[in-house]
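One structure below.
The values are calculated or read from the model by the stated rules, or taken from the named source; none is laboratory data. Treat the numbers as computed from the prediction; the structure is a model and nothing was measured. A quick note on method: Cβ atoms are made from the backbone with ideal geometry, for glycine too, and the neighbour counts reach across all protein chains shown. Just the protein is used for accessible areas: all its heavy atoms, side chains included, with ligands, DNA and RNA removed. Shrake-Rupley method; radii C 1.70, N 1.55, O 1.52, S 1.80 Å.
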Amino acid sequence: MEQQLKPLALGLAATIVSAIIMGLLGIFGNLGIYMGAVEMMRQWHMFFSLTLTGIIAGMIEAAIISFIFAYLFGIFYNKFA
């Protein structure tokens, strides 16, 4: 019996994890911790900044991007595995 990934579950899990990590990065950035990672997120994400609006926008952006990539990964994994 062959088991397959559930692409929707994988995408939702990636969404939650990436949004939490982006939120933590915003909090740590405001505390002055992990500023190197915060600077990388500013460069890589269009909407991320250390304001409350920027953190929330970065969380939403990271969640959407993560969902798309994880969902497509699950689909292609099931197709080729």
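Assorted remarks:
- Accessible area in square angstrom per residue, the chain, 1.4 angstrom probe: 71
- Cα pair count fraction exceeding 22 Å, expressed as % - the chain: 34
- Site pair ALA9 and ILE75 shows an inter-label distance of 1.9 nm when each label is modelled 7 Å from Cα along Cα→Cβ.
- Only protein heavy atoms count here; on that basis, with a 1.4 Å probe, VAL38 has an accessible area of about 0 Å².
- Here the 3J(HN,Hα) profile of the stretch 5-12, calculated from phi with Karplus coefficients 6.51, -1.76 and 1.60 at θ = phi - 60°, is 5, 9, x, 5, 5, 5, x, 5 Hz, Gly and Pro shown as x.
- C-alpha long axis of helix 52-80 to longest principal axis of the chain, angle in °: 20
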